[in-house]
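Just so it is clear, none of the values below were taken in a lab; they were calculated from the coordinates. Worth saying up front: this structure is predicted, and the values here are computed from it rather than measured. Positions of Cβ are backbone-derived with ideal geometry, glycine not excepted, and every protein chain shown enters the neighbour counts.
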Amino acid sequence: MRLAVRSLFASRFVAVPGTGVGLLAALVATLTIAGCSQSPEPKFVFGESTGKLYRPAQKAVEMELVKDFGEPNHIVVWEKLPVDFGAFDGVVEQSAANFSDPVKVKLTRKANSKVPMSADDLRGAGIIWTSGANADATAWDPKGREVPLDYEVAHYDPKESTLSVSVWPAIAGEKGKLDPPKVGDKFTVLGPMLQQGHKLYMTHCEHCHGVSGDGKGPTASYFDIKPRDYRLGRFKFTSTKSTDRATRDDLVRTVRQGIPGTYMPSFLLFTDEEIGPIVEYVRWLAMRGEFEERSGAEFLSGQFGSEDVSQRVKGGETRESIETALDNYIKSEYPGVADDLAGRINTSWTASEQPDALVTPKIARTPDTPESRERGRKLFHSDTAKCAQCHGPAGKGDGPQTEDYQVILGTNKKRSVPGLFDDWGNPIKPRDLTSGIYRGGRRPLDLYRRIYSGIKGTPMPPFGTALKEEEIWDIVNYAMSLPYGSGSENSELRQSKIASASPVGGG
Amino acid sequence: MKRLWAFFFILWPVVAITAGVISPSMHWWFPGAAQSPIGQRIDDLFYMILIIVTVVFIGTQVAMGYVLLQGARDTDAPGRAMFTHGSHALEVIWTVVPAGVLLFIAFYQLDTWAAYRVKENYPMSSRLSPVAEITARQFEWRIRYPNPKRKFESLPEVDAWLRQPAPDDLYAVNELHVPTGRAVVVHLRTADVQHAFFVPILRIKQDAVPGLVIPIIFEALKPDAYEWVCAELCGWGHYKMKARVKAEPKDDFESYLKGLEREQFDDGVSGHGTKKAAAGESKSEAAAEAPK
């Protein structure tokens, strides 16, 4: 019997080159080891606005960004930003033998933060020791200068409430000299809210919106409607006035409800403890992008773009003199400019959270009567509102402007292709009001806000001042009646056959 | 050595049967008892088939084990092994018996199949009061409820509602509310590719097919939030189509719809909306109800 088995192998399998089997085994082994290892460390990428700068200016902006915002796994808590970074106060409950050993700790939330106590991914969050031997520990950098030590969480286990500490960047040879945490040592964990937001963002959002929030994640390339690039600090569907930013509630609503008609799905099943950190992280990414964008603009206005510099060299200036001027600017003025930018970003985001930034109608919706709809229809076609210019005479989103060559924003040049574009440079279509799909929500209040404040970053302008409240309500009534008119039954979805008996299916 | 091999091959069916016997009590792979009447019938069928299969499996494995051991002993004897060219009687038996068993299963399950899949068998009251129309799309479930005030008098009226939404319809996403204690009908369609409506604990699974509107009938036996997923690989974001079916007593269901209506026709002033919405906060009713 054994002989038979062996001869079977001999005739069938060993005839296949043995190296093939060996290779396969090696491949499986490699995949087993490599496939399960940590994915590469995520990194923020720098935007196109920075790429346009002359090299030293580029470097200055990049260094400033790393200093003020850090990297995805090493978030810098920059107090100038109106972000709830979150903070835990901690006390060591058990001494450790070695510096990097896990120790039992007790964490409590700082009063001014909404960070959930269930935050479980604290890896990379900064630690400041407020008492104990580590409180004023220093180290020497490669150049021999004495620097304060940057502590961070290496690992945190919420079940056991144990925490291990590391120093960042890890300083070679210093580890042995670090004092192990002792009972009663007090510390603060910085930025757990964003750390938690980062973890969830990387799982659920990053594949479309990108690590840096630039809307260039790997799945984004499949879409004809592009994911939001946060870096202009601009969100389309908000409850605020046209000059204000999105509120936290606006972002929460978008995440929960999704955006119908786009690829943004609903994440309704997220708990409050998940959605808070995600929204905070998105706001922070938006501020980071905005800061980068505006920093770039500052350098460009000082003629430090790479094109400007070559123009200036052609115009007779020496490269050295430009570089000296740039160096001076970076050293003496840019730090102030950066602070100023952060201050301006802070002001606008903070103001948007105030109640008076909200668009709230003062009078109730006009009863939805044929008369009101008729007034709305007239306004729709009027020169005051000009709705039909884009949305078309029947509201189908095919107005004459969609066929026109539009002027590029901030220039007097016209685009080479007809049609409407948003501030991100993506071609967009005015809403087909007969479709019954409302990206920013279908409540009368939502439609009112779309008309009152416009849609930020798009050619849909605000009408809050041009139209009276009653007029806006008339247009809302007219627009809300459009999906039920005669022209609306043509939609492809509605032509579906009503199944007489269920077809076999499942699985 | 021969006996070692024989026992080696006998070991595996023993392991398989042991694992099968202890798995329900260890909660391996089993989603728990069905929470709908049709699900219980499906479970009964499943267990019946499981019993048939178990008996056959144990029988054939015992026979094979016997042959292995017997063969191991026989090779000790001198002389050549017996050669046979099949047995006609045996082949007829092992063809007719399984065919009979399969036919029995096929006929036995027809009723359950018909109750679940054939629209004409649904109670008329359920057909005339569709709870919702569900549109699957990449990657979420959009839900449209008829206004609770709306009464359908005839089936063509229901079909017309499926073809053309009404201004007072109520909309939601990813959380389907249904009343308990009665068979409910929802209509499934898709806006893009194939998806499948799957509520494991109710044992309800139905493909959404482009171009078709397919009715699904089910009854949730007790109020609870049931996991609802997409069971047809529909694209890269398939895993994102996690949702929830919330079964609740009739009164709660009705007040949910009322809340949804208040929220949906909120103008920020008239107190249509919740207190929060009037103050300008934009949390939706459904969102406010998300479990903490």
> Among A:R55, B:R203, A:R123, A:R253, which comes first, second and so on when ranked by fewest other beta-carbon atoms within 10 Å?
Replying inline: A:R55, A:R123, B:R203, A:R253
> According to a simple spin-label model (label point 7 Å from Cα along Cα-to-Cβ), what is the distance in nm between A:E93 and A:K110?
Replying inline: 2.3
>> Relative contact order of chain B, please, whole-number percent, based on alpha carbon pairs below 8 angstrom and at least 6 residues apart.
In response: 17
> Short version: what are the Cα gyration tensor semi-axes of the stretch A:374-443, square root of 5 times each eigenvalue, largest first, in whole Å?
Replying inline: 24, 15, 11
> Within the stretch B:29-64, whose backbone N sits under 18 Å from a point 7 Å along Cα→Cβ of B:K2?
Replying inline: B:64
> For chain B, modelled as a Gaussian network with Cα springs under 10 Å, which listed residue fluctuates most, B:R182, B:R163, B:R137?
Replying inline: B:R163
>> Can you show me the helix-derived [θ] at 222 nm for chain A, built from DSSP H runs with n ≥ 4 at -39,500 (n - 2.57) apiece and divided by the number of residues, rounded to the nearest 500.
In response: -11500 deg cm²/dmol
> Per-residue HN-Hα couplings for the stretch A:230-243, Karplus 6.51 cos²θ - 1.76 cosθ + 1.60 at θ = phi - 60°, whole Hz, x for Gly and Pro?
Replying inline: 6, 6, 8, x, 10, 10, 6, 9, 10, 9, 9, 5, 4, 8
> Just going by the charge dipole of chain B, with Lys and Arg at +1 and Asp and Glu at -1 on Cβ, which of B:A231, B:I51, B:A34 is farthest out on the positive end?
Replying inline: B:I51
> Once phi is turned into θ = phi - 60°, what whole-Hz ³J(HN,Hα) does the Karplus curve with 6.51, -1.76 and 1.60 give for every residue of the stretch A:385-402, x standing for Gly and Pro?
Replying inline: 9, 6, 4, 5, 3, 9, 7, x, x, 9, x, 8, x, 10, x, x, 4, 6
> Which far-off residues, 5 or more places away or on another chain, put their amide H under 5 Å from the one on A:S131, with H placed in the peptide plane?
Replying inline: A:K186
>> Which residue, A:P418, A:G316, A:P82, has the largest displacement toward the positive end of the dipole of the protein assembly as shown when charges sit on each Cβ (Lys, Arg +1; Asp, Glu -1)?
In response: A:P418
> Rg (Å, one decimal) plus Dmax (Å, integer) for the alpha carbons of the stretch A:370-487?
Replying inline: 14.2, 44
> If r is the Cβ-Cβ distance from B:Q109 to B:M64 and R0 is 41 Å, what FRET efficiency results, to the nearest 0.05?
Replying inline: 0.90
> What's the angle, to the nearest 10 degrees (0 to 90), between helix A:469-481's Cα axis and the longest principal axis of chain A?
Replying inline: 90
>> Charges on Cβ only, +1 for Lys and Arg, -1 for Asp and Glu, centred on the Cα centroid of the stretch A:88-168; of A:L149, A:S100, A:I128, which one is farthest towards the dipole's positive end?
In response: A:I128
> Assuming R0 = 56 Å, what is the FRET efficiency of B:S23 and A:T324, from their Cβ-Cβ distance, to the nearest 0.05?
Replying inline: 0.15
> With contacts defined as alpha carbon pairs under 8 Å and 6 or more residues apart, what's the relative contact order of the stretch A:86-190 in percent?
Replying inline: 42
>> With a 10 Å cut-off between alpha carbons and a GNM built on chain B, which of B:R80, B:R150, B:R244 moves the most?
In response: B:R80
> What list of ³J(HN,Hα) couplings, whole Hz, do you get for the stretch A:103-117 from phi and the Karplus terms 6.51, -1.76, 1.60, once you set θ to phi - 60° and write x for glycine and proline?
Replying inline: 10, 6, 9, 10, 9, 10, 7, 6, 4, 8, 10, 9, 4, x, 5
> For A:D179 and A:M63 in one chain, what is 0.36 nm times their gap in residues minus the Cα-Cα distance, to one decimal in nm?
Replying inline: 38.6 nm
> Over chain A, what is the relative contact order in whole percent, taking alpha-carbon pairs under 8 Å and six or more residues apart?
Replying inline: 14
> When the helices in chain B are scored as -39500 (n - 2.57) per DSSP H run of 4 or longer and the sum is shared across all residues, what 222 nm value do you end up with, to the nearest 500 deg cm²/dmol?
Replying inline: -14000 deg cm²/dmol
>> What does the charge count around A:E48 come to, taking other residues whose C-beta lies under 12 Å from its C-beta (Lys +1, Arg +1, Asp -1, Glu -1)?
In response: -1
> Cross-link list A:K114/A:K182; A:K80/A:K199; A:K106/A:K186; A:K362/A:K468; A:K52/A:K414: which exceed 18 angstrom alpha carbon to alpha carbon?
Replying inline: A:K114/A:K182; A:K80/A:K199; A:K52/A:K414
> So what's the net charge close to A:A325: Lys and Arg +1, Asp and Glu -1, counting the other residues with Cβ under 13 Å from its Cβ?
Replying inline: -3
